[in-house]
Amino acid sequence: MLQSREIKKHNTAQAAAEAIAAYMEKLISSDIGRFDIALSGGNSPKILFDVLAGNFAGKIFWDNVHFWWSDERCVPPEDNESNYKMAKEHLLDPLIIATTHIHRIKGEISPEDSSKEYSDEIKTNLKKRGGIPVFDLILLGMGPDGHTASLFPDQLNLLKSEKCCEVSTFPSTGQKRVTFTAKLINNAEQVIFFVPGFSKQQRIKEIVLGENQALKLPAYYIRPQHGRLLFFLDEDSAGLI
Ligand code: 6PG
């Protein structure tokens, strides 16, 4: 049973990003000990990462934070498609995060090996609830087709996976991805969707209002069983709710 879902509407993507950063500031204080966060990829997170590495660089206790990824494209880490590369440029390098606190998905090895290796690293490092690793915070985006992480509408079977990570395929290009499963995401303490932009407006309406169409959307199935689910939207993506 979903514990709680909060919809937060802001005028702009920048304002939503600043609100997420302020929320994270409250979560990640110096007395909490280790904090494991999983980052999403794509373009929207750049806005958030720039805020975190800018105005919030000195406000959040980064020394306790370990960085993971909810999904990764199966490309080398120096490839412009790499979610790790984008986070390194916009967040990890500016904050001078220790390499021991950076746990990237290896896009340069075989997808199956990378998925297995990442699942094992997660299980080794994280606390567990019901035998499933627990992330303190998972940041997600959502595509115009309702995908999240790299869980795509034409691969809904991955929503039933008992694993922590799976290999998926980006529908339009065939690019292989390694992705968290719904099982792992839904065991997190906090899940934040940062979804700005007009192109997501219809999907957000379907998901937030629980319309039948949402049943075809992977993002609809993200409901942390023990944690909080928060949507940070801008006026474009929230235009129909
Ligand atoms: C990825 C992301 C993906 C992303 C959505 C939204 O690897 O691409 O993890 O799930 O969050 O596609 O991307 P935008 O923020 O660029 O619209």
Picked from segment 45-81 (must be out of contact with any Ser or Thr (no Cβ under 8 Å at 6 or more places or on another chain) and within 12 Å of the ligand (Cβ to nearest atom)), the residue nearest to LEU140 (Cα to Cα) is PRO45
Which one of these does ASN83 not meet: (1) touching a residue at least 60 places away in the same chain (Cβ under 8 Å); (2) in contact with a Gly (Cβ under 7 Å, 6 or more places away or on another chain)? (1)
Output the number of residues of segment 196-213 satisfying the condition of being closer than 18 Å to ASN11 by Cα, among the basic types (Lys, Arg) and within 13 Å of the ligand (Cβ to nearest atom). 1
Do any strands (runs of 3 or more DSSP E) entirely within segment 128-200 hold 2 or more residues that are open to solvent by less than 10 Å² (accessible area, probe 1.4 Å) and of a type in the set (A, V, I, L, M, F, W, C), and if so, which? 137-140, 176-180, 190-195
Give me a count of the residues in segment 119-148 that are in contact with a Leu (Cβ under 6 Å, 6 or more places away or on another chain) and within 16 Å of the ligand (Cβ to nearest atom). 3
Read through the list (1) more than 21 Å from LEU39 (Cβ to Cβ); (2) open to solvent by less than 60 Å² (accessible area, probe 1.4 Å), then give the number of the only condition that ASN212 fails. (2)
Of all residues being crowded, with 20+ Cβ neighbours inside 10 Å and in contact with a strand residue (DSSP E or B) (Cβ under 6 Å, 6 or more places away or on another chain) in segment 9-36, which is nearest to GLY197 (Cα to Cα)? Just the residue, please. ALA16
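The values are calculated or read from the model by the stated rules, or taken from the named source; none is laboratory data. It should be emphasised that the depicted structure is a prediction, and the values quoted were computed from it without experimental measurement. Here Cβ is always computed from backbone atoms with ideal geometry, including for glycine, and neighbour counts include all displayed protein chains. Keep in mind that these areas ignore ligands, DNA and RNA; they rest on the heavy atoms of the full protein, side chains included. Shrake-Rupley method; radii C 1.70, N 1.55, O 1.52, S 1.80 Å.
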